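The values are calculated or read from the model by the stated rules, or taken from the named source; none is laboratory data. In this text, all values refer to a predicted model and were calculated from it rather than measured experimentally. Heads up, the Cβs are rebuilt from the backbone with ideal geometry, glycines too, and the neighbour counts pull from every protein chain shown.
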Amino acid sequence: MKKVLFVIAHRPGRSPSQRFRYEQYISFLEQNGYHCHESYIISERDDRVFYHPGNLTSKSWIFFRSFIYRLKDVIKYSNYDIIFVQREAFMTGTTIFESLFKRTKAKLVFDFDDAIWLHDVSEANKSLGWLKNPEKTSKIIRMADLVIAGNKYLADYALKFNKNVVIIPTTIDTSEFRNIHLRKHDTLCIGWSGSMTTMKHFDYAIPFLLKIKEKYGDKVSFKVIGDGSYRNEALGIKGIPWTKDDEVEQLSEFDIGIMPLPHDEWTKGKCGLKGLSYMSLEIPTVMSPVGVNTEIIRDGVNGFLADSTDEWVNKLSLLAESKELRSRIGKEGRKTVEQYYSVDSQKENYLNYFNKLTE
């Protein structure tokens, strides 16, 4: 039995990056000769402190305790075959733990799904931004025996520092994400799903959603999942907190899903998870033509791409006015996910890469 340590920040089931990058493959790996263990450093209790402003004393304690946990990992799991670091081993700019893992007998795998070499800090932790180190990502990539990137843009960056780079897209478990037909409301629901840290991207939707509201009035409604404190009176939105338990149920109330993004270096590294989640549920999806979105979407076939406010209004109007179009686009979106962005489509690749490392 080969042994794999997954070095992660959050408890299983908490982080989209972890859930849709590797957690969905654990049972398949275990069925094929791998014993998998996950080591996380931020607890559910820590979440209530770590992602809110202030609380510097409590955050300092989280840093200290996490440092000790990681030291224990180095000692306890030094005999493992693979050590898989998802994004980073520790939340500051240090690469000490990746360096220590590299000195063990294990092969070091590094997985990332964002342009994390850029200096991006959440609003809640702006005052701690000095602890970050933009050069950290390239250092980890150099150490890794295998780098798994979420898309070509990320892979191209990694190839500057390491030739052993493969692409595994962010994937959806299509057996779990299956349409449950909850769209029985009187209005047409246009929805967005994200997190407190990505709410800033929803702001790009407000101008075109206001025009849609003006055009269709009470025939449309809007839903935001990810931040229970979010409010927009003009659009009649009261945000809904995200929970894993009712994620599919909440998303299934969307008639149309949107993924607006700005055009910048950070968003070029995004892996299209929001859109893929909608598409897997046969929800017709409109995305900004940024990064991997242009690979996922064939405009007018399995979804729509929209850039300017006028384009967004036009594409949303086409979907709003045709139930047949919504159904056709939704079904094509689901097919795309099943073929290219599902767990089933990638699990053999995942296993083969692990097997080659441990031959």
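Observations, loosely collected:
- Cβ-Cβ distances below 6 Å connect the following pairs, each with a first residue in segment 166-179 that is at negative phi, a second residue that is assigned to a strand (DSSP E or B), and a separation of six or more residues or different chains: Val166/Ile148; Ile167/Ala149; Ile168/Ile148; Thr171/Ser342; Ile172/Ser342; Thr174/Ser342.
- The strands (runs of 3 or more DSSP E) found entirely in segment 135-220 that carry 1 or more residues being closer than 26 Å to Tyr353 by Cα and in contact with a strand residue (DSSP E or B) (Cβ under 6 Å, 6 or more places away or on another chain) are 146-149, 165-167.
- Selection within segment 331-343 - surrounded by 15 or more Cβ atoms within 10 Å (Cβ to Cβ), of a type outside the set (A, V, I, L, M, F, W, C) and touching a helix residue (DSSP H, G or I) at 6+ places or on another chain (Cβ under 8 Å): Gly333, Arg334, Thr336, Glu338, Tyr341, Ser342
- Residue in segment 305-326 that is farther than 23 Å from Asn179 by Cβ, of a type in the set (Phe, Trp, Tyr) and in contact with a helix residue (DSSP H, G or I) (Cβ under 7 Å, 6 or more places away or on another chain) present: yes
- Segment 325-338 residues that are in a helix (DSSP H, G or I), paired with ones that are of a type in the set (Phe, Trp, Tyr) (beta carbon under 9 Å, 6 or more apart): Ile329/Phe304; Gly330/Tyr278; Gly333/Tyr278; Val337/Phe177
- Every test in (1) part of a helix (DSSP H, G or I); (2) in contact with a strand residue (DSSP E or B) (Cβ under 7 Å, 6 or more places away or on another chain) is passed by Ile283 save one, and that test is (1).
- When Ser60, Ser43, Ser39 are checked against the criterion of being hydroxyl-bearing (Ser, Thr, Tyr), out of contact with any Pro (no Cβ under 7 Å at 6 or more places or on another chain) and at pLDDT 95 or above, a single residue qualifies: Ser39.
- Residue count, segment 72-101 (criterion: in contact (Cβ under 8 Å) with a residue 24 or more places away in the chain, out of contact with any strand residue (DSSP E or B) (no Cβ under 7 Å at 6 or more places or on another chain) and not polar (S, T, N, Q)): 7
- Reported count of residues in segment 7-31, each being exposed (fewer than 15 other Cβ atoms within 10 Å of the Cβ) and under 22 Å from Asn349 (Cα atoms), is 3.
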